[in-house]
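The values are calculated or read from the model by the stated rules, or taken from the named source; none is laboratory data. Being a predicted model, the structure only gives us computed values, none of them experimental. In this analysis, Cβ positions are derived from the backbone assuming ideal geometry, glycine residues included, and neighbour counts consider all displayed protein chains.
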Amino acid sequence: MKHLTLAALIAGLASTAVAEETLRGVTAFAAGTTFSRPFEAFVERVNETGQGVVQIEYVGGPEAVPTFELGNAVSAGIVDIANNTTAFYTNLLPIGDALHLATNTVQDQRANGCFDKIDAIHQEQMNVKFLARTGDHIQFHLYLTKPIDGTDLTGLTIRTTPVYNAMFEALGATLVRTAPGEVYTALERGTIDGYGWPVQGVMDLGWDEQTKYRVDPGFYQVDVNFLVNLDRWNGLSDEARAVLNDAALWTEARNADNIDINATEAGKQAEAGIETIAFDADTAASWLATAQSAGWATVEAVDADLAAELKACLVP
Ligand code: 173
């Protein structure tokens, strides 16, 4: 008995000496679906490698914090760490629209100074540490319930986010912004004729039931980022920050898996009956040219100098 008490006392002292930090984590995408998965693997990794130093309590997804509110929540420190895409926090970081225009990888961006620049912008404008970027190699597509035979989207009502706004608007579509959680119902009710979404995740969300076509080629590149409230980040020990940084690099190394996953997903879509509308070379070139010009025009309208700086390191 005496022994146990002493052991408990020592354990108690030890735990006050090295306080383990627990961060509350929330994802902007439904928990357990494609764009939450890298974050979920990261949480597991941190909870293994950070024992006694830093842990993440995974609170969940949009049922905990609505998709378009998560940026505010992590900025204000209501959430400590968020898995979020710039398209869901454009209100807080308008220049964030540049991130999906990247043609290089996050590893390139770390090497050429772009990552630090993006981190600094997040810290200044949003009070968050930009910890990691996932989604490399994954492109976005237009999905439809009715066919098109060229790039003209006039007369179609398309669900968008800031990722696709400029491009689809330039092509004549009527736009409706919704969180991913509202897409299925919008399709079912016929209030939209299609939606923008990456090549991955459609099956996961059950949208294949309501989708007839995917338009190829894809465009842009997914950015789903880990953001840490800056006050919380600055208050962590060096050791805790190192655990988080190491797990961030580990996660980013796994972005390369997306190349194979993309192919598997496209195969599953075909099996589920989603037909591909594959533009011929000239139409594809015009589709992609509109994507680029409309996308960069939006970013340039926010801040031309910063847009040029980012373009130099995102599209080298
Ligand atoms: O379509 C979307 O909701 C969107 O903008 C997005 C961004 C990154 C990954 C998945 C979807």
(message) Please go through the stretch 70-116 and give me each residue that is crowded, with 19+ Cβ neighbours inside 10 Å, assigned to a loop (DSSP other than H, G, I, E, B) and of a type outside the set (Ser, Thr, Tyr), ordered by number.
(response) Val79, Asp80, Leu93, Ala102
(request) Please tell me if Val163 is under 15 Å from the mean Cα position of the chain (by Cα) and either within 13 Å of the ligand (Cβ to nearest atom) or of a type in the set (S, T, N, Q) (or both). (result) yes
(message) Quick check on the stretch 119-137. Is at least one of its residues assigned to a helix (DSSP H, G or I), under 25 Å from Pro66 (Cβ atoms) and of a type in the set (Phe, Trp, Tyr)?
(response) no
(request) Working carefully through the options Asn165, Asn91, Asn84, find the one that is within 20 Å of Gly295 (Cβ to Cβ) and without any contact (Cβ under 8 Å) to a residue 60 or more places away in the chain. (result) Asn91
(message) What's the total number of residues in the stretch 183-226 that are near the ligand (Cβ under 10 Å from one of its atoms) and not in a loop (DSSP other than H, G, I, E, B)?
(response) 7
(message) If I go through the stretch 1-58 residue by residue, how many of them are small (Gly, Ala, Ser) and modelled with pLDDT of 85 or more?
(response) 9
(message) Name the single residue that is nearest to the chain's Cα centre (by Cα) among those in the stretch 117-138 being buried (at least 23 other Cβ atoms within 10 Å of the Cβ) and of a type in the set (Gly, Ala, Ser).
(response) Gly135
(request) Please specify each residue of the stretch 258-284 satisfying the condition of being closer than 29 Å to Thr34 by Cα, part of a helix (DSSP H, G or I) and not polar (S, T, N, Q). (result) Ile259, Asp260, Ile261, Ala263, Glu265, Ala266, Gly267, Lys268, Ala270, Glu271, Ala284
(request) Check Val215, Val228 and return the single one that is buried (at least 21 other Cβ atoms within 10 Å of the Cβ) and more than 26 Å from Ala289 (Cβ to Cβ). (result) Val228
(message) Cβ-Cβ distance below 6 Å, separation of 6 or more or different chains: which pairs start in the stretch 256-284 with a residue that is loosely packed, with under 12 Cβ neighbours inside 10 Å and end on one that is among the acidic types (Asp, Glu)?
(response) Ala278/Asp216
(request) Find all pairs meeting these conditions: Cβ atoms under 6 angstrom apart; at least six residues apart or on different chains; first residue within the stretch 221-235 and within 19 Å of Glu69 (Cα to Cα) and in contact (Cβ under 8 Å) with a residue 60 or more places away in the chain; second residue in a strand (DSSP E or B) and among the hydroxyl-bearing types (Ser, Thr, Tyr). (result) Val224/Thr134
(message) Could you check the stretch 23-57 and list, in sequence order, the residues that are surrounded by 22 or more Cβ atoms within 10 Å (Cβ to Cβ) and either among the basic types (Lys, Arg) or in a strand (DSSP E or B) (or both)?
(response) Leu23, Gly25, Val26, Thr27, Val54, Ile56
(request) Return only the number of the condition from (1) in contact with an Asp or Glu (Cβ under 9 Å, 6 or more places away or on another chain); (2) farther than 26 Å from Leu205 by Cβ that Ser286 does not satisfy. (result) (1)
(message) Please verify whether Arg177 is basic (Lys, Arg), within 15 Å of the ligand (Cβ to nearest atom), within 25 Å of the chain's Cα centre (by Cα) and under 11 Å from Trp197 (Cβ atoms), treating the condition exactly as stated.
(response) no
